[in-house]
Amino acid sequence: MHRTSLQTVFLSMFSYISAAFAQVAVTTYHNDNARSGLNNHESILTHANVNSTAFGKLFQYAVDGQVYAQPLYVPGVAVAGKGTHNVVYVATENDSVYAFDADSNAGANASPLWQAALANPANGVTPVPASDVSC
């Protein structure tokens with residue numbers, strides 16, 4: 001199966017709450033080393049306010065391949081030459097890692113804060129073929 005080389009990362013948050021609410025870092029899959037999925041610091045999300053009128057996609061960024069890993073979030077990151085940002089880190093099947101502003105994709109945030117291509121075919125570092133991933 002052929003996959004398109006341009007995929008999209010979606011960032012969903014409350015559309016009516018300021019970006020300051022999301023200050024709990026998510027630095028590993030499912031929030032903790034036990035992979036429980038529990039964010040015991042969550043104080044805003046409820047069954048009442050996670051609905052189609054108050055919660056949803058705010059914007060998107062383009063990346064160079066499928067995203068199989070969980071995007072990670074770190075608040076208050078000082079990015080050289082770009083100030084302090086709440087950052088979403090995304091890794092793709094093409095061995096690229098991106099850092100995106102988590103709060104806006106407008107203006108200076110329309111492009112990644114940074115992007116690193118980790119593949120190095122000359123030294124045997126190549127992306128894992130999609131057929132080997134079983135996702």
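Nothing in this text is a laboratory measurement; each read-out follows from the coordinates by a stated rule. What you are looking at is a predicted structure, and each value in this text was computed from that prediction instead of being measured. All Cβ positions, glycine included, derive from the backbone under ideal geometry; neighbour counts span all protein chains shown.
Structure notes:
- F55-S134 FRET efficiency (beta carbon distance; Förster radius 35 Å; 0.05 resolution): 0.65
- For the peptides 94-104, 69-79, the ranking by packing is 94-104, 69-79, with the highest mean count of neighbouring Cβ atoms within 10 Å listed first.
- Available extension along the chain between T126 and A69 is 18.8 nm, counting 0.36 nm per residue and deducting the alpha carbon span.
- Most to least packed among 111-120, 46-55 [average Cβ atoms within 10 Å]: 111-120, 46-55
- Based on C-alpha pairs under 8 angstrom that are at least 6 apart in sequence, segment 14-135 has a relative contact order of 19 percent.
- Only Lys, Arg (+1) and Asp, Glu (-1) charged, at Cβ; segment 7-122 dipole about Cα centre in debye: 140
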